[in-house]
Amino acid sequence: MVEVSFHDYSKLSANEKTQLLRRSETDISSFIEKVQPILEAVRTEGDRAVARFGRELDKADVSEATIKVTEAEFDAAFKGVAEDVIEAIKFGIENIRHFHEEQKPEAMWLKEIRPGAFAGDRFTPIQSVALYVPRGKGSFPSVTMMTSVPATVAGVPNLAIVTPPAPDGSVDAATLVAARLAGVNTVYKVGGAQAVAAVAYGTETIKPALKIVGPGSPWVVAAKRSLAGVIDTGLPAGPSEAMIFADDTVHGGLAALDLLIEAEHGPDSSAYLVTHSRRVAEEALAALPEHWARMTEQRVQFSSTVLSGKCGGIVLTSSVEESYDFVNAYAPEHLEILSQDPFAHLSHITEAAEVLLGPYTPVSIANFCLGPNAVLPTSRWARTYGPLSVTDFVKRSSIGYVTAPAYPEFAKRAHKLAEYEGFSSHAHAVSSVRDAYLNKAKG
C-alpha cells in the first residue's frame, strides 16, 4: 500500500513550505563531480570515448563505426513503426509546425525613431544546434518533434539529434520517424554527459554545435552546467514536473488521473495536486489505487515513488488564494487548471511555464500534439524562462540607420554624453572631425 504524501499547507512551517519547492535536481553537486572525467575523456579521445561510454554506461552495442545513424536505419524505422503511430506523429508535427510558424518573428523590422533615423531588429538562424532526446526511462519521439520542428521552422542549417542507444545499439524507431518527418536527417547514438561533451567539443564523427537544447537527466544537466562556457546550453530542462491545480468544481479522481501523467516519467520527477477542497483531495487519494491498477508495473513504481516522496503528493490549502500562492512559489514546468471555469483562475497565476486550461486539456495532449512546445524550464526557472520556441533557434541583431539630415541632432547629443562619461574617441567620432570627412565625401 503506497502512502501518498499529504501536506496540510496552512499548518506547515516556513521551512517545511520551502522544502516542498525542492526538485530532485536542486542539488546536483555530486553529478558535477562525476561528469568531469566523462567530459574530459570525450574532449581528448573523441569517438573512442563516445563508443566506450555507450558500452559501459548505456550497456549498448556501439562502436566508433556505428555512432551515426545510417539511411538504411532510417528506412527500416518506417517499416518497423505501426501506421497508426506514424499517423499520430504526423498529426502532432503538423500542429506543432503551425504553432511555431505563427511564432516565428519577421526577418527584419525597422521603425523611424525620429525623422530620418531608423532602428530595428534582424533575426537570423543559429548556424548549428544539437537536439537532445532522452531515452533512459522510455522512448520520446515527442521530444524529437518538439525540438526539431521549431528548429526547422527557424531555418537552422545544421541540425543533429543526440539520443542514447538501446542495448542492441539501435535508436528508437519512432524517434527516427519523427526526426525525418520533421526535417532532421542527422542522428547520433550517444546520450548522457558524453553526448553534451561530444556536441560541445566535436569528435571525428560528431560535428560540434553552437547550442544544445532538450531535457535530460541530472547527468545531462550537470554536463550542461559544466560546459556552459563552451556551448550555449539553452533553457534549463531537467526531470519532469507537474502541478495539478483543482478547485471544487471537479472530481478528485480526475485530478488524480492527471497527477500521474508526469509522475510516471521516473522516480526523479516531481508532481503535486494542490487544492483548497478537502473533498477533491480525499477523492484523489481514493482514486489513485484504481488508476495504478491500469498502469504498467514500471510506471506504477516510478509514480508511486514520486507521490510518496519529498517531491510529490497532495497539498491541501486553506483557500484558493493560498493555492495561487503555492503554485506561483513553485513555478511548475506543467500546470493544469482543473476547473469548470479555468479562466477565472488564470489571471492569479503568473509563474508557470505551461498552463493548460480545463478538464479537456490534460498534459498528455500538450506533450504530444496540441502545438505549443512541451520542452519547458524546470526547477522554478519558469520565473525567468519560457518554453522552447522558434526564438531559441535564432539570434537577434540590432539594426540602426541614420540619414544625413537626421545626423546633426543625434551627433550633438552623443557628443555631449561622450564628454560627460569621459570617452574622448566617442566624442571625436561625432565632432567636427567627422564633419570634415563627410564634407570631403560630398565634394
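The values are calculated or read from the model by the stated rules, or taken from the named source; none is laboratory data. Since we're looking at a predicted model, the values are computed, not measured. Every residue, glycine as well, gets a Cβ built from its backbone with ideal geometry; the counts of neighbours run over all protein chains shown. Surface accessibility is based on the protein's heavy atoms, side chains included, excluding ligands, DNA and RNA. Shrake-Rupley method; radii C 1.70, N 1.55, O 1.52, S 1.80 Å.
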Out of 146, 295, 243, any idea which swings most in a Gaussian network model of the chain, alpha carbons joined below 10 Å? 295
For residue 395, distant residues with modelled amide H under 5 Å away: 124, 126
So for the pair residue 15, residue 350, with labels modelled 7 Å out along Cα→Cβ, what separation do we get in nm? 3.0
The percentage of the accessible area of segment 306-393 (probe 1.4 Å, all protein chains present) made up of carbon and sulfur atoms, to the nearest whole number, is 57
Everything considered on the Cα gyration tensor (a ≥ b ≥ c; rounded for a/c under 1.5, else prolate if a/b is larger than b/c, else oblate), segment 144-241 must be described as rounded
Based on Cβ point charges of +1 for Lys and Arg and -1 for Asp and Glu, what charge dipole magnitude is obtained for segment 373-443 about its Cα centre, in debye rounded to the nearest 20? 80
Could you work out the helix-only [θ] at 222 nm for the chain, with each DSSP H run of four or more residues adding -39,500 (n - 2.57) and the total divided by the number of residues, to the nearest 500 deg cm²/dmol? -13500 deg cm²/dmol
Taking Cα atoms, how many degrees apart are the long axis of helix 252-263 and the longest axis of the chain, rounded to 10 and kept between 0 and 90? 60
Can you compute 3J(HN,Hα) from phi for each residue in segment 271-280, using the Karplus curve 6.51 cos²θ - 1.76 cosθ + 1.60 with θ = phi - 60°, rounded to whole Hz and x for Gly and Pro? 7, 10, 9, 10, 8, 9, 9, 5, 4, 4
If you stretched the chain out fully between residue 293 and residue 440, how much longer would it get, using 0.36 nm times the residue separation minus the C-alpha to C-alpha distance? 44.3 nm
Student exercise, segment 252-364 dipole from Lys, Arg, Asp, Glu Cβ charges, in Debye to nearest 20: 260
At 1.4 Å probe size, with the rest of the protein present, what percent of the exposed accessible area of segment 62-162 is carbon and sulfur atoms? 55
How much length, in nm to one decimal, is gained on full extension between residue 384 and residue 207, taken as 0.36 nm per residue of separation minus their Cα-Cα distance? 60.6 nm
Could you tell me which of rounded, prolate or oblate describes segment 333-443, using a ≥ b ≥ c as the square roots of the eigenvalues of the alpha-carbon gyration tensor, with rounded for a/c under 1.5 and, failing that, prolate when a/b is larger than b/c and oblate otherwise? prolate
Between segment 333-409 and segment 1-47, the alpha-carbon center distance in angstrom: 25
Give the calculated FRET efficiency between residue 3 and residue 423 to the nearest 0.05, with a Förster radius of 51 Å applied to their Cβ-Cβ distance. 0.15
Hey, if you put +1 on the Cβ of every Lys and Arg and -1 on every Asp and Glu Cβ in the chain, which of 222, 109, 149 ends up farthest toward the positive end of that dipole? 109
Report the calculated FRET efficiency for residue 431 and residue 401 (r = Cβ-Cβ distance, R0 = 22 Å), to the nearest 0.05. 0.55
Could I have the simple spin-label model distance between residue 416 and residue 88, label points 7 Å from Cα toward Cβ, reported in nm to one decimal? 6.6
Suppose all protein chains stay in the model; what accessible area per residue would a 1.4 Å probe give for the chain, in Å²? 47
Which residue, 200, 414, 51, has the most motion in a Gaussian network model of the chain that connects Cα atoms within less than 10 Å? 414
Selection from 287, 165, 63, by position along the positive dipole direction of the chain (Cβ): 63
How large is ³J(HN,Hα) for each residue in segment 410-422, as worked out from phi by the Karplus curve 6.51 cos²θ - 1.76 cosθ + 1.60 (θ = phi - 60°), to whole Hz, x for Gly and Pro? 6, 4, 4, 6, 4, 4, 4, 6, 5, 5, 4, 7, x
Output ³J(HN,Hα) for segment 304-315: one whole-Hz value per residue in order, computed from phi by the Karplus curve 6.51 cos²θ - 1.76 cosθ + 1.60 with θ = phi - 60°, and x for Gly and Pro. 5, 4, 5, 6, 9, x, 8, 10, x, x, 10, 10
According to the square roots a ≥ b ≥ c of the eigenvalues of the Cα gyration tensor, what is the shape class of segment 43-195, taking rounded for a/c under 1.5, prolate for a/b larger than b/c otherwise, and oblate for the remainder? oblate
Dipole moment magnitude, nearest 20 debye, the chain about Cα centre, only Lys, Arg, Asp, Glu C-beta charged: 1920
For residue 312, other-chain or 5+-apart residues with amide H closer than 5 Å (H placed, Pro excluded) are 271
Taking the chain as a Gaussian network, Cα atoms linked when under 10 Å apart, which of 277, 397, 323 shows the biggest mean-square fluctuation? 397
